[in-house]
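Undergrad: Attaching a single structure in structure tokens format; questions to follow.
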Amino acid sequence: MTGLADPTIAILLTGMLVGMSAALLGSFLVLRGNSMLADAISHSILFGIAIAWLLTGQTSGPVQIVGAALSGVLAVFLIETLTRTRRLRDDAAIGLVFPALFSAGVLMINVFARNVHLDEHTVLLGEIGFVWLDTVSIAGLEVPRAMLAMGVMLLLDAAFVLVFYKALKLATFDPDLARSL
């Protein structure tokens, strides 16, 4: 097999897109000392997935994605709110919010959705090894959906960094000046 038909190539290309996309924004998080924020968001979405299922009964689809996204936004909001009190540093606020939302999600799944497949293992662990199984045909070429999604995400991240580079740089290296402006 050659090209994208080869599972190894599809997996590697998808992984490269994930790495490039994460590096664009992740470098700013690392420079700001918020590298655990990405981990907090990624685990906090389990709470949103469980809430979306409790409210709608849907185990997948756009409702789950919206629930996950709102839960990620909730995690950042709670972390920022705790940090603004000036009683907790960023890392301590992350250390409180991240396990609280994750634990609440795990508890809700175990109590209310024990026999429902919410695909929380994919959320928690992911499995890049299976990206080559879910493809879409583009101009006669079978392209993994995950590769397309990560390509779009890379373009969105690059556009975001290009448009907001000055603000990102200012907020990263001089947060007090950024706040005052």
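The values are calculated or read from the model by the stated rules, or taken from the named source; none is laboratory data. Note that this is a predicted model, so its numbers are computed, not measured. Ideal geometry is used to build each Cβ from the backbone, glycine not excepted, and the neighbour counts take in all protein chains shown. Remember, those area values only see protein heavy atoms, side chains included, never the ligands or the DNA or RNA. Shrake-Rupley method; radii C 1.70, N 1.55, O 1.52, S 1.80 Å.
Undergrad: If you scan the stretch 82-98, which residues turn out to be closer than 14 Å to Leu37 by Cα, free of Cβ contacts under 8 Å to residues at least 40 places away in the same chain and open to solvent by 50 Å² or more (accessible area, probe 1.4 Å)?
TA: Leu82, Arg89, Leu96, listed by residue number.
Undergrad: Just give me the residues in the stretch 16-38 being of a type in the set (A, V, I, L, M) and within 18 Å of Leu170 (Cβ to Cβ), in sequence order.
TA: Taking the stretch 16-38 first, the residues of a type in the set (A, V, I, L, M) are 16-18, 20, 22-25, 29-31, 36-38.
Hits for the stretch 16-38 are Leu24, Leu25, Leu29, Val30, Leu31.
Undergrad: Here's something else I'd like to know. Do you know which residues across the stretch 26-44 are within 23 Å of Phe102 (Cβ to Cβ), open to solvent by less than 60 Å² (accessible area, probe 1.4 Å) and either assigned to a helix (DSSP H, G or I) or at pLDDT 90 or above (or both)?
TA: Gly26, Leu29, Leu37, Ala38, Asp39, Ala40, Ile41, Ser42, His43, Ser44 - these are the residues of the stretch 26-44 that are within 23 Å of Phe102 (Cβ to Cβ), open to solvent by less than 60 Å² (accessible area, probe 1.4 Å) and either assigned to a helix (DSSP H, G or I) or at pLDDT 90 or above (or both).
Undergrad: How do the pairs read when you match residues in the stretch 148-172 that are closer than 22 Å to Asn34 by Cα with residues anywhere that are of a type in the set (Gly, Ala, Ser) and open to solvent by less than 50 Å² (accessible area, probe 1.4 Å), using Cβ under 8 Å and keeping only pairs 6 or more apart or on different chains?
TA: Final answer for the pair search is Met153/Ser21; Leu154/Ser21; Asp157/Ser21; Ala167/Ala178; Leu170/Ala178; Ala171/Ala178.
Undergrad: Now for a different question. Yes or no: the stretch 127-148 includes at least one residue that is surrounded by 11 or more Cβ atoms within 10 Å (Cβ to Cβ), modelled with pLDDT of 90 or more, out of contact with any Cys (no Cβ under 7 Å at 6 or more places or on another chain) and part of a helix (DSSP H, G or I).
TA: So far as the stretch 127-148 goes, yes, one or more of its residues are surrounded by 11 or more Cβ atoms within 10 Å (Cβ to Cβ), modelled with pLDDT of 90 or more, out of contact with any Cys (no Cβ under 7 Å at 6 or more places or on another chain) and part of a helix (DSSP H, G or I).
Undergrad: How many residues does the stretch 1-25 hold that are closer than 19 Å to Glu127 by Cα, open to solvent by 50 Å² or more (accessible area, probe 1.4 Å) and not aliphatic (A, V, I, L, M)?
TA: The initial filter retains those residues of the stretch 1-25 that are closer than 19 Å to Glu127 by Cα, namely 4-22.
When the remaining residues are screened for being open to solvent by 50 Å² or more (accessible area, probe 1.4 Å), the result is 5, 8-9, 12-13, 16, 18, 20, 22.
Now narrow it down to the ones that are not aliphatic (A, V, I, L, M): 8.
Final tally of qualifying residues: 1.
Undergrad: Collect the residues in the stretch 1-37 that are touching a Leu at 6+ places or on another chain (Cβ under 8 Å) and within 17 Å of Val76 (Cβ to Cβ), keeping them in residue-number order.
TA: Matches in the stretch 1-37: Phe28, Leu29, Ser35, Leu37.
Undergrad: Still on this structure, I have one more. Cβ contacts < 9 Å: first residue under 13 Å from His43 (Cβ atoms), restricted to the stretch 59-78; second residue among the hydroxyl-bearing types (Ser, Thr, Tyr) and surrounded by fewer than 19 Cβ atoms within 10 Å (Cβ to Cβ), any location; separation 6+ or different chain. Result?
TA: Once the first residue is under 13 Å from His43 (Cβ atoms) and sits in the stretch 59-78, its partners that are among the hydroxyl-bearing types (Ser, Thr, Tyr) and surrounded by fewer than 19 Cβ atoms within 10 Å (Cβ to Cβ) give Gly72/Ser42.
Undergrad: For the stretch 77-100, check the following and say yes or no: at least one residue is at pLDDT 90 or above and in contact with a Phe, Trp or Tyr (Cβ under 7 Å, 6 or more places away or on another chain).
TA: No - not one qualifying residue is present in the stretch 77-100.
Undergrad: When the stretch 150-176 is examined, which residues are found to be acidic (Asp, Glu) and open to solvent by 60 Å² or more (accessible area, probe 1.4 Å)? Steps first, answer last, please.
TA: In the first step, residues of the stretch 150-176 are kept if they are acidic (Asp, Glu); the result is 157, 174, 176.
Of everything in the stretch 150-176, those that are acidic (Asp, Glu) and open to solvent by 60 Å² or more (accessible area, probe 1.4 Å) turn out to be Asp174, Asp176.
Undergrad: Go through the stretch 100-111 and give me each residue that's closer than 11 Å to Phe47 by Cβ and open to solvent by 40 Å² or more (accessible area, probe 1.4 Å).
TA: Residues satisfying the conditions are Ala100, Phe102, Ser103, Val106, Leu107.
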